[in-house]
Amino acid sequence: MTIALIDANAFYCSAQILFEPWLRDSAVVVASNGDGCVVSRNDPAKALGIKMGQPVFELRDLEARNQVKIFSSNYSLYQSLSNRMMAILEEHSPRISPYSIDECFSWLDGIADPEAWGRQAQAQVMQRIGLPVGVGIGPTKTLAKLANWAAKKWKAKTGCVVLLTDPLRQEKLLRYAPVGEVWGIGRRLSARLEAELSIKTAWQLANADPKLLRRYFSVNCGFRSIVTGRFG
């Protein structure tokens with residue numbers, strides 16, 4: 001089985017920049033309803049230290065100095081662009097499964113060159129609606145998600161497309177990836193894994209004793225299954 005996870009880069013920010021393209025290299029954030037907190041930020045905004053969930057009022061000084069552009073959310077626009085992105089991916093995929101407004105799984109069974117497919121899909125979305133996307137490809141949803149994380153983390157090197165079907169590449173990435181980047185783990189659980197079992201990487205999690213993990217965390221299928229994707 002080969003699965004791709006296609007995910008728009010800083011989707012809400014990218015959607016807003018479509019209509020103000022001169023902001024492409026500038027720090028941009030999108031605020032929640034009522035402009036309460038940050039719900040999307042692009043790479044230049046991350047470089048300024050702006051955090052997800054940060055209160056917008058804390059950014060007003062940066063805005064006044066023209067160091068960041070703050071947009072109010074426009075969910076009608078985001079949904080329209082999401083619908084168009086999914087339609088493009090459906091044209092090029094044997095089967096898709098939208099996961100969220102800006103993410104979609106695509107099954108690539110029968111595709112001879114999955115990485116070439118990923119780059120073509122990426123190019124089509126950019127050409128037709130102007131959205132940059134990352135593509136992660138792996139034998140399971142979990143590994144496709146992790147490949148997508150790597151694609152975006154090393155954009156210059158990967159071109160935002162990573163194929164993670166080779167076992168050696170899988171091991172290399174799992175050894176590097178923080179455990180919190182594994183789909184279904186998150187910050188709180190990763191903090192507990194490190195504090196209680198000294199598990200810091202996805203590789204350590206994948207090779208941990210499932211019985212020990214179940215005893216500490218009461219997970220029926222075991223965390224190893226989450227990483228290797230036996231259930232995903």
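Some points to look at:
- Here the helices (runs of 4 or more DSSP H) wholly within segment 91-178 that include at least 1 residues being without any contact (Cβ under 8 Å) to a residue 24 or more places away in the chain and charged (D, E, K, R) are 141-153, 155-158, 167-176.
- Sole residue being polar (S, T, N, Q), in contact (Cβ under 8 Å) with a residue 60 or more places away in the chain and surrounded by 20 or more Cβ atoms within 10 Å (Cβ to Cβ), chosen from SER40, SER14: SER14
- Test for LYS46: is it farther than 23 Å from SER106 by Cβ, outside any loop (DSSP other than H, G, I, E, B), basic (Lys, Arg) and at pLDDT 95 or above: yes
- Residue within segment 10-19 that is closer than 22 Å to MET86 by Cα, among the hydroxyl-bearing types (Ser, Thr, Tyr) and in contact with a Pro (Cβ under 8 Å, 6 or more places away or on another chain) present: yes
- Residue count for segment 46-90, restricted to those that are under 27 Å from GLY118 (Cα atoms), touching a strand residue (DSSP E or B) at 6+ places or on another chain (Cβ under 7 Å) and without any contact (Cβ under 8 Å) to a residue 40 or more places away in the chain: 2
- Residue match in segment 117-132 (condition: open to solvent by less than 10 Å² (accessible area, probe 1.4 Å) and touching a Phe, Trp or Tyr at 6+ places or on another chain (Cβ under 8 Å)): yes
- Test: residue in segment 161-178 that is crowded, with 20+ Cβ neighbours inside 10 Å, polar (S, T, N, Q), touching a Gly at 6+ places or on another chain (Cβ under 7 Å) and at pLDDT below 95: no
- Output for segment 49-73, where each listed residue is assigned to a strand (DSSP E or B) and open to solvent by 40 Å² or more (accessible area, probe 1.4 Å): PRO55, LYS69, SER72
- Screening ILE111 against (1) buried (at least 17 other Cβ atoms within 10 Å of the Cβ); (2) modelled with pLDDT of 95 or more leaves a single unmet condition, (2).
The values are calculated or read from the model by the stated rules, or taken from the named source; none is laboratory data. As the structure is a computational prediction, the values presented were derived from the model and not from experiment. Here the Cβ is made from the backbone with ideal geometry for all residues, glycine too, and neighbour counts use every protein chain on show. Please note that ligands, DNA and RNA were not included when accessible areas were found on the heavy atoms of the full protein model with its side chains. Shrake-Rupley method; radii C 1.70, N 1.55, O 1.52, S 1.80 Å.
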